[in-house]
Structures are given as C-alpha cells and as structure tokens.
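Heads up, the thing below is written out as structure tokens.
The values are calculated or read from the model by the stated rules, or taken from the named source; none is laboratory data. Remember, predicted model here, so these are calculated numbers, not experimental data. Methodologically, a virtual Cβ is constructed for each residue, glycine included, from the backbone with ideal geometry; neighbour enumeration extends over all protein chains shown.
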C-alpha cells in the first residue's frame, strides 16, 4: 500500500495538531504551584490546582512545591565565647508563599536550600559565639534560639518564603573538647573520692582511738 503526498500531509498535520493540543494544556496538582514562562520570562503565576493553558512552543511551565519543606544544612563546627568548639546541626521548615519572587531569586528549591542553609549556619554561628557552653545547655537556650530566629526571619521576604520553624537539632562537643570534659570530670571525681577516703581514714582513727581509751578505762577499773 502506497501513501500519496496528500495522505502524508494529512498525517503530518494530525501529528502537529496532536503536539499542539498536548503542549497547550498542563495540570497543576494540589501539592504544586506553577509559573508560565515565555522565552524564559515569567508571564503568569498559578497557585490553584487544575487544568491550565499555555501557548505551545512559545510558553513553558515550571513547578514549585506548595507543601511544607525542610532545610537541613550540613553540621558545622562553631566556637563559643569560652573558646569551646561544638558541632551544631540545625534545620528549618519553610513554605513558598511568593512563587514569582522565589523563582526570580533562586529558581528552584535545591538552590534555595543550599543558599538559605548557609544563612542559617552563619546566623547560628554569629549568635552562639556570644555565649558559653554552660549557657547553651541551660534554660538560656530558649532566648538564644529566639535571637537566632529573629536574625534568620529577617531574610525570608527576600526569597518569597515563610519560615515556619527553626531549630538546633543537636549540639555535640568536638572530640578534643569531649576528651577535655571527660578528663576534668574524672579529675573532679578522683578528688571527691580522695577526700572521702581521707575523711574515712580520719574517722577510722578516731574510732580506734576511742575504743583504745575505753579499753584502758575498763582495764583500770577492773
């Protein structure tokens, strides 16, 4: 069976029509929001789920998450005011509230996580450098966290996000500091043990001396 030129043209037109139709529509699901780009420039922001239209071959759609997202920067070694070194593991949760500003600033979630993660670590480092390890492990930790949050929240509008929560998940002593703390605790316990031992020996001597005196009195009276 041979195809005529007319049949070939019809098939090509149908194929082009199919591509045009499928390229003209896209779906935004409930967990996403979209930005329609025309030659790379934003033309429309879509925050509601559903079937949407764009001009085929001219416009494109990029999707951003509308759910609560996490930022988990790499743990960093930081120096406290008492010159002790600790490893801080912090994290934050955020939501994209201005998709256009977010896209224009960082383009995607991965770039934002990397950039804002550095901001989080820098803010944490700047604040806790003013405090000692004792303060960080005390009830003062709450006010320290509030100070860190205040610094970080000042950056959220620049990226079109809302920071929901910021926390220090874990603070670990470095190996050197851990060893120093262990040695100091061991030394203190040894001092306490020696003191108790000395007090015990003194009490033992007093008991023996008292028993000797009583024995002498009993023998004399006999």
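What number of residues in segment 42-55 are in a strand (DSSP E or B) and surrounded by 10 or more Cβ atoms within 10 Å (Cβ to Cβ)? Of the residues in segment 42-55, 7 are in a strand (DSSP E or B) and surrounded by 10 or more Cβ atoms within 10 Å (Cβ to Cβ).
Checking each residue in segment 44-61 for being closer than 16 Å to residue 107 by Cβ and more than 32 Å from the chain's Cα centre (by Cα) picks out only 60.
Considering segment 15-39, and only residues there that are at pLDDT below 70 and either exposed (fewer than 11 other Cβ atoms within 10 Å of the Cβ) or outside any helix (DSSP H, G or I) (or both), the residue that is nearest to the chain's Cα centre (by Cα) turns out to be 22. For residue 83, the conditions (1) assigned to a helix (DSSP H, G or I); (2) surrounded by fewer than 16 Cβ atoms within 10 Å (Cβ to Cβ) all hold with the exception of (1). Would you confirm, using the coordinates I've provided, whether residue 119 is within 22 Å of residue 163 (Cβ to Cβ), out of contact with any strand residue (DSSP E or B) (no Cβ under 9 Å at 6 or more places or on another chain) and crowded, with 16+ Cβ neighbours inside 10 Å? For residue 119, the condition - within 22 Å of residue 163 (Cβ to Cβ), out of contact with any strand residue (DSSP E or B) (no Cβ under 9 Å at 6 or more places or on another chain) and crowded, with 16+ Cβ neighbours inside 10 Å - is met.
Of everything listed in (1) surrounded by fewer than 18 Cβ atoms within 10 Å (Cβ to Cβ); (2) in contact (Cβ under 8 Å) with a residue 12 or more places away in the chain, the single unmet condition for residue 92 is (1).
Here residue 57 does not qualify as in contact with a strand residue (DSSP E or B) (Cβ under 7 Å, 6 or more places away or on another chain) and modelled with pLDDT under 95. Going by what's in this entry, would residue 163 be described as in contact with a helix residue (DSSP H, G or I) (Cβ under 8 Å, 6 or more places away or on another chain), part of a strand (DSSP E or B) and closer than 21 Å to residue 95 by Cβ? Criteria met by residue 163.
The residues of segment 113-158 that are in contact (Cβ under 8 Å) with a residue 24 or more places away in the chain, under 21 Å from residue 70 (Cβ atoms) and not in a helix (DSSP H, G or I) amount to a single one, 155.
Scanning segment 124-134 for residues that are surrounded by 13 or more Cβ atoms within 10 Å (Cβ to Cβ) and at pLDDT below 90 yields a single hit, 133.
When residue 61 is tested against (1) closer than 30 Å to residue 51 by Cα; (2) not assigned by TED's automatic domain parsing to the domain that holds residue 51, exactly one condition is not met: (2).
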